[in-house]
Amino acid sequence: MNEHKFSVLAIGTNTGATASEAAVTGKHHFVTCVSGHTDKDSIIQVLDGTTVVWENKFDITLEGTSFHFPELCIPCTGGAKADAKLSSSTTDCAITINGYTIP
């Protein structure tokens, strides 16, 4: 199998952050992990192009400021980009999307 692994980090401030793996014609992305930190309650999403395919509400009062969702296997439509989006922050946040791409 001709697999390409990816890991993309995005740093944000008060508007959140989005980490993106660019679309590749004729190939499929699979998201395997989303991680990062934030200083405000937020929604964390994985998007397949513009469609939300996974979502989690993150509450810093209950869960602290760091998040880590390992062992995911979220397929994206062939030829679509893969995004991990952190919806909000007060001043400091980051999000990383990890996965692989196959034909």
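Neighbour counts of other Cβ atoms within 10 Å put Asp48, Asp59 in the fewest-to-most order Asp59, Asp48. Residues Thr18, Thr25, Thr77, ranked from the fewest to the most other C-beta atoms within 10 Å, line up as Thr25, Thr77, Thr18.
To the nearest 20 debye, what charge dipole does the chain have about its Cα centre, counting +1 at the Cβ of each Lys and Arg and -1 at the Cβ of each Asp and Glu? The dipole of the chain has a size of about 280 debye.
A dipole drawn for the chain from +1 and -1 charges on Cβ atoms has a positive end, and of Ser87, Thr18, His29 the residue lying farthest that way is His29.
The ranking of His37, His29 by Cβ neighbour count inside 10 Å, starting from the fewest, reads His37, His29.
Principal axis analysis of the Cα atoms in the stretch 27-96 yields extents of 38, 22, 15 Å, listed in decreasing size. With the simple model of a label 7 Å out from the Cα in the direction of the Cβ, Thr61 to Thr91 spans 2.2 nm.
We did not get these values from a lab; they are worked out from the coordinates using the rules stated. None of the values given here were measured: they were computed from a predicted structure. Backbone-built Cβ (ideal geometry, glycine too); neighbour counts: all protein chains shown.
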